[in-house]
Structures are given as C-alpha cells and as structure tokens.
1. For the chain, modelled as a Gaussian network with Cα springs under 10 Å, which listed residue fluctuates most, Thr27, Thr77, Thr64?
2. With 5 Å bins from zero, work out the P(r) of the chain over every alpha carbon pair and list the percent per bin.
3. Just Ala13, Ala33, Ala51 to compare: in a GNM of the chain, with alpha carbon springs under 10 Å, which one fluctuates most?
4. Between helix 8-87 and the chain, what is the angle of the helix's C-alpha long axis to the longest principal axis, kept within 0 to 90° and rounded to the nearest 10?
5. What residue among Asp41, Asp55, Asp74 has the largest mean-square fluctuation in a Gaussian network model of the chain, using Cα springs under 10 Å?
6. Given the -39500 (n - 2.57) contribution per DSSP H run of 4+ residues, what per-residue ellipticity at 222 nm results for the chain, rounded to the nearest 500 deg cm²/dmol?
Amino acid sequence: MFNTEITVGNLVAAGAAMISALAIIATFAKDRALRKKELADRVRQSASLVAAKLDRWKQLALQTFDQLQGAATDAKTEAGHADFQKND
C-alpha cells in the first residue's frame, strides 16, 4: 500500500520544505522587528513634537507673565500717582 522506500527525491522534497519553513520564520521575525522599529520611530517623533510644543507654550507663558507684570507695575505706579495727587 505505502512505499516505505526513501528516495533522493523524497529527501530533496523534505529538505526544500524545511528550508522554506525556516525562510518563512526568518521573514516573519524580520517583519516583526521592522514593525517594532517603525513604532518606536513614531513614538520618538511624537515625543519630540510634544516637547517642542511644550517648550513653545512655556515661552509664550513666560512672555505673557512678563507683559502682565509690567502692566501691573505700571498700573500700580499710576494708581500711586493718582492717590498722591488727591492728597495735595
């Protein structure tokens, strides 16, 4: 019923199947590593974008604070002059 004889063709076919299986496994491993690297690149890019935006926000906040502090000082000085003129 079954031929139990091992031929060169059978060995070549088995070898080709094992090589193909190893090639598929290696391809999947490389693909997984590439996807992991691409994800890490996207995360790094997003982190740098957020850091740049936060730095810009910090600059704007400090600039606004400096402007408001100057305006408050000017207002306080003007209010002091108005009080001084009332007392005369």
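1. Fluctuation is largest for Thr77.
2. 2, 10, 7, 8, 6, 6, 7, 5, 6, 5, 5, 5, 4, 4, 4, 3, 3, 3, 2, 2, 2, 1, 1, 1, 0, 0
3. The residue that fluctuates most here is Ala13.
4. So the inclination is approximately 0 degrees.
5. The residue with the greatest mean-square fluctuation here is Asp74.
6. Value at 222 nm, helices only: -35000 deg cm²/dmol.
Values in this text are rule-based calculations from the coordinates and carry no lab data. Note that the coordinates shown come from a computational prediction; the quantities given were computed from them, not determined experimentally.
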